[in-house]
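Step one of this worksheet: look at the structure below.
Nothing in this text is a laboratory measurement; each read-out follows from the coordinates by a stated rule. None of these values were measured; they are calculated from a predicted model. Positions of Cβ are backbone-derived with ideal geometry, glycine not excepted, and every protein chain shown enters the neighbour counts.
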Amino acid sequence: MEDFSFEITEKVGVISEAKGGWTLELNKVSWGGRPAKYDLRSWAPDHQKMGKGVTLSEEELKKLSEVISGLGL
């Protein structure tokens, strides 16, 4: 099995916080030593455990921003 490694290279922002201290965050994360991408997922307070999430390139994040802007919220 491959060595699982990650590094949060930039903390962009916290979206929400649950009672147990877990937070939903947008960060830039390098997975397995690869170039960092934008990553939206829940994290334990110590950032050693994580929930399922989605990783986006800069282009994908820009497109997502356009889609959200179009919702008129």
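In nanometres, what is the gap between the two model label sites at residue 30 and residue 47, each 7 Å from Cα along Cα-to-Cβ?
It is 1.3 nm.
Would you mind putting 56-63, 15-22 in packing order, based on average other-beta-carbon counts within 10 Å, highest first?
Details: 56-63: 12.2, 15-22: 10.2.
Sorting 56-63, 15-22 by mean packing, highest first, produces 56-63, 15-22.
I'd like to know which of 73, 38, 5 lies farthest towards the positive end of the charge dipole of the chain, counting +1 on Cβ of Lys and Arg and -1 on Cβ of Asp and Glu.
Comparing the listed Cα positions along the dipole, 73 ranks first.
So if I restrict to the alpha-carbon atoms in the stretch 1-53, what is the Rg, and what is Dmax, the biggest pairwise distance, in Å?
Here Rg and the maximum Cα pair distance are 11.2, 34 Å.
Would the stretch 27-73 count as rounded, prolate or oblate if I go by the C-alpha gyration tensor, calling it rounded below 1.5 in a/c and otherwise prolate when a/b exceeds b/c, oblate otherwise? All intermediate terms of the calculation are to be shown ahead of the outcome.
Numbers: a/c = 3.68, a/b = 1.60, b/c = 2.31.
Since a/c reaches 1.5 but b/c is at least a/b, the shape of the stretch 27-73 is classed as oblate.
So what's the angle, to the nearest 10 degrees on a 0 to 90 scale, between helix 58-69 and the longest Cα principal axis of the chain?
Relative to the chain, helix 58-69 is tipped by roughly 40 degrees.
Full extension from residue 60 to residue 14: what is 0.36 nm times the residue separation minus their Cα-Cα distance, to one decimal in nm? Let's see the in-between values first.
Numbers: separation 46, 0.36 × 46 = 16.56 nm, distance 1.95 nm.
The residue 60-residue 14 span can extend by a further 14.6 nm.
Using label points projected 7 Å from each Cα along Cα→Cβ, tell me how many nm separate residue 67 and residue 22, to one decimal.
2.3 nm
Run the dipole for the chain about the Cα centre, Lys and Arg Cβ at +1, Asp and Glu Cβ at -1, nothing else charged, and hand back the magnitude in debye, nearest 20. Could you put the intermediate results ahead of the total?
Details: 10 positive and 12 negative charges, 39 e Å.
Computed about the Cα centre, the dipole is about 180 debye.
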